[in-house]
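*Asks:* Here it is, the structure in full.
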Amino acid sequence: MKYLAAILVTINFITFLLYAIDKRKAQKHLWRIPESVLLWFSFLGGSVGALFGMYLLRHKTKHLKFKLLVPLFLLLHIGLIVYFCW
């Protein structure tokens, strides 16, 4: 169980960093991280990091697919954790 926690913390930290890097690149008009990559990291366990990245950095908050999918991924992750720990 502690390995799962370490993996989740790591993936969420990486996801937050990806959102931060993409935000910085957007401000500087540089090559961007594809939205599909941001969403995949969110889906693969980084939904908390994605939410922090979205709302602390004000990044991707106007995109409907991010506003819907990232919270949905979070609910999915919570459901999976509850199911496997119950």
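*Asks:* Go through segment 45-82 residue by residue and tally those that are of a type in the set (Lys, Arg) and farther than 19 Å from Phe13 by Cα.
*Replies:* 3
*Asks:* Mind listing whichever residues of segment 12-53 are assigned to a loop (DSSP other than H, G, I, E, B) and either open to solvent by 30 Å² or more (accessible area, probe 1.4 Å) or among the aromatic types (Phe, Trp, Tyr) (or both)? Spell out how you get there, then give the answer.
*Replies:* Narrowing segment 12-53 to residues assigned to a loop (DSSP other than H, G, I, E, B): 28-34.
Residues satisfying the conditions are Lys28, His29, Leu30, Trp31, Arg32, Pro34.
*Asks:* Just the residues that are farther than 19 Å from Leu4 by Cβ, over 13 Å from the mean Cα position of the chain (by Cα) and not in a helix (DSSP H, G or I), please, taken from segment 59-86.
*Replies:* Initial filter on segment 59-86 (farther than 19 Å from Leu4 by Cβ): 59-72.
Those left that are additionally over 13 Å from the mean Cα position of the chain (by Cα): 62-64.
Correct list: Lys62, His63.
*Asks:* Say we look at segment 54-86 and pick out the residues that are of a type in the set (Phe, Trp, Tyr) and without any contact (Cβ under 8 Å) to a residue 24 or more places away in the chain; which of these is surrounded by the fewest Cβ atoms within 10 Å (Cβ to Cβ)?
*Replies:* Trp86
*Asks:* While we're here: Run Tyr3 past the list (1) open to solvent by 60 Å² or more (accessible area, probe 1.4 Å); (2) farther than 25 Å from Trp86 by Cα; (3) in a helix (DSSP H, G or I) and report the number of the one that doesn't hold.
*Replies:* (2)
The values are calculated or read from the model by the stated rules, or taken from the named source; none is laboratory data. All values reported here derive from a predicted model rather than from experimental measurement. When we count neighbours, we look across all protein chains shown, and the Cβ atoms used for this are built from the backbone with ideal geometry, even at glycine. Accessible surface is based on the protein model in full, side chains and every heavy atom, while ligands, DNA and RNA are left aside. Shrake-Rupley method; radii C 1.70, N 1.55, O 1.52, S 1.80 Å.
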